[in-house]
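Since the structure comes first, as structure tokens, the remarks are kept for the end.
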Amino acid sequence: MEKARTGLTSGYILAITGASGAIYAKRFIEYFSKHQMPLNCIISDAGRRVWEIELEGNIKNMLPTSIPLYSQNDLAAPMASGSFLTLAQAMVILPCSMGTLANIAQGLASNLISRAADVMLKERRPLILVPRETPLNRIHLQNMLKVSEAGAIILPAMPGFYHRPQNIQDMVDFLVGKILDTLGLPHEFFKRWGSEK
């Protein structure tokens with residue numbers, strides 16, 4: 001683990017991979033920090049590089065001290081064990097790279113992210129994958145079908161426009177709000193369809 005923590009929490013797990021879209025993960029973290037909800041964060045090496053490029057900062061310096069940060073190489077981390085993940089409420093991979101998707105689809109628990117996802121599936125715990133890649137080839141689609149059939153939820157990074165977004169943050173909030181909806185967590189990130197009628 002990369003940073004000190006006040007105590008290990010089960011709660012939720014966020015995994016950040018090397019796909020573009022670090023801003024989504026940042027907004028997700030902000031929600032949990034604001035509401036003081038337990039969150040454990042895993043980041044891949046590529047995810048760290050993308051974060052630094054897209055957000056112009058080091059995640060270790062931007063992450064609240066209350067949220068533990070784990071490397072993808074830390075296979076001794078608690079979330080690599082089913083005994084921990086039976087207490088985890090859900091895991092979100094945001095954004096989810098096609099490489100990570102492929103590893104999960106093939107059951108390759110080669111790093112902490114794919115291992116934690118594999119355990120979530122076997123323990124029948126909620127697992128949400130948020131791919132951003134476009135266009136998608138047949139292999140990508142087949143892998144999505146595999147993980148969906150295994151019990152995961154595929155929630156693509158596709159913003160809606162019925163809420164009339166005015167800027168990038170509005171579009172980010174829409175997607176993160178959809179993830180929170182799927183997790184059953186309350187939010188006011190966007191106006192519901194028909195709410196102004």
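Pairs linking a residue in segment 67-92 that is within 24 Å of LYS34 (Cα to Cα) and buried (at least 19 other Cβ atoms within 10 Å of the Cβ) to a residue that is among the small types (Gly, Ala, Ser) and at pLDDT below 85, with Cβ atoms under 8 Å and 6 or more positions apart or on different chains, are MET79/ALA88; ALA88/SER10. Scanning segment 132-146 for residues that are within 18 Å of GLY107 (Cα to Cα) and surrounded by 16 or more Cβ atoms within 10 Å (Cβ to Cβ) returns HIS140, ASN143, MET144, LYS146. Of the listed requirements (1) in contact (Cβ under 8 Å) with a residue 40 or more places away in the chain; (2) under 13 Å from the mean Cα position of the chain (by Cα); (3) within 22 Å of PHE32 (Cβ to Cβ), LYS178 misses just one: (1).
When the test is whether a residue is within 26 Å of SER71 (Cβ to Cβ) and of a type in the set (D, E, K, R), ASP118 passes it. Among the residues of segment 52-69, the ones that are outside any loop (DSSP other than H, G, I, E, B), in contact with a strand residue (DSSP E or B) (Cβ under 7 Å, 6 or more places away or on another chain) and under 22 Å from ARG132 (Cβ atoms) come to 2 in all.
Note on segment 147-197: residues that are touching a Lys or Arg at 6+ places or on another chain (Cβ under 7 Å) and either closer than 30 Å to ALA109 by Cβ or not hydrophobic (A, V, I, L, M, F, W, C) (or both) amount to 6. For segment 27-54, give me each residue that is of a type in the set (A, V, I, L, M) and crowded, with 19+ Cβ neighbours inside 10 Å. Hits for segment 27-54 are ILE29, LEU39, ILE42, ILE43, VAL50.
The values are calculated or read from the model by the stated rules, or taken from the named source; none is laboratory data. The model shown is predicted, which means the values in this text are computed figures rather than measured ones. Note that each Cβ is placed from the backbone with ideal geometry, even for glycine, and that neighbours are counted across all protein chains shown.
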